[in-house]
Amino acid sequence: MIQSQTYLNIADNSGARKIMCIRVLGASNRKCAHIGDVIIAIIKEAVPNMPLEKSEVVRAVVIRTCKEFERDNGMMIRSDDNAAVVIDQEGNPKGT
């Protein structure tokens, strides 16, 4: 469950290292994001000399959460950290 003010690691090589969620996209009163949801975030830590810089507002897709996720067949999926991938306005990843 990713709420507002949650810090996430970045799982690609776009230039950002950590981001902070500021909004969960979807319904107007949606409070939590899960795996596969799009969020709006601000970059808190970035790699020097890369296209993305600190305090830049970006979109990201959540790919890992600490909160377990139950599939339809009963399998539970849990990760050690919260992570996301930075995307552009069309939904394509900025890194590789």
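All of the numbers you see were taken from the coordinates with simple rules; none came from a lab. Treat the numbers as computed from the prediction; the structure is a model and nothing was measured. Backbone-built Cβ (ideal geometry, glycine too); neighbour counts: all protein chains shown.
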- Subset of region 1-40 [more than 13 Å from Cys66 (Cα to Cα), not aliphatic (A, V, I, L, M) and not in a loop (DSSP other than H, G, I, E, B)]: Arg17, Lys18, Cys21, Arg23
- Note on the structure: Among residues of region 62-96 being more than 16 Å from Tyr7 (Cβ to Cβ) and of a type in the set (A, V, I, L, M, F, W, C), the residue surrounded by the most Cβ atoms within 10 Å (Cβ to Cβ) is Ile87
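Among Leu52, Leu8, which is more than 13 Å from the chain's Cα centre (by Cα) and crowded, with 17+ Cβ neighbours inside 10 Å?
Leu52
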- Message: What are the pairs with Cβ atoms under 7 angstrom where one residue, in region 10-33, is among the hydroxyl-bearing types (Ser, Thr, Tyr) and the other, located anywhere, is part of a loop (DSSP other than H, G, I, E, B) and surrounded by 17 or more Cβ atoms within 10 Å (Cβ to Cβ)? Sequence gap at least six, or different chains.
- Response: Ser14/Leu52; Ser14/Lys94
- With the condition kept exactly as written, say whether any residue in region 46-55 is under 22 Å from Met1 (Cβ atoms) and not in a loop (DSSP other than H, G, I, E, B). no
- Task: Spot the failing condition for Gly36; the list is (1) surrounded by 10 or more Cβ atoms within 10 Å (Cβ to Cβ); (2) closer than 17 Å to Asp12 by Cα, and only one is missed.
- Result: (1)
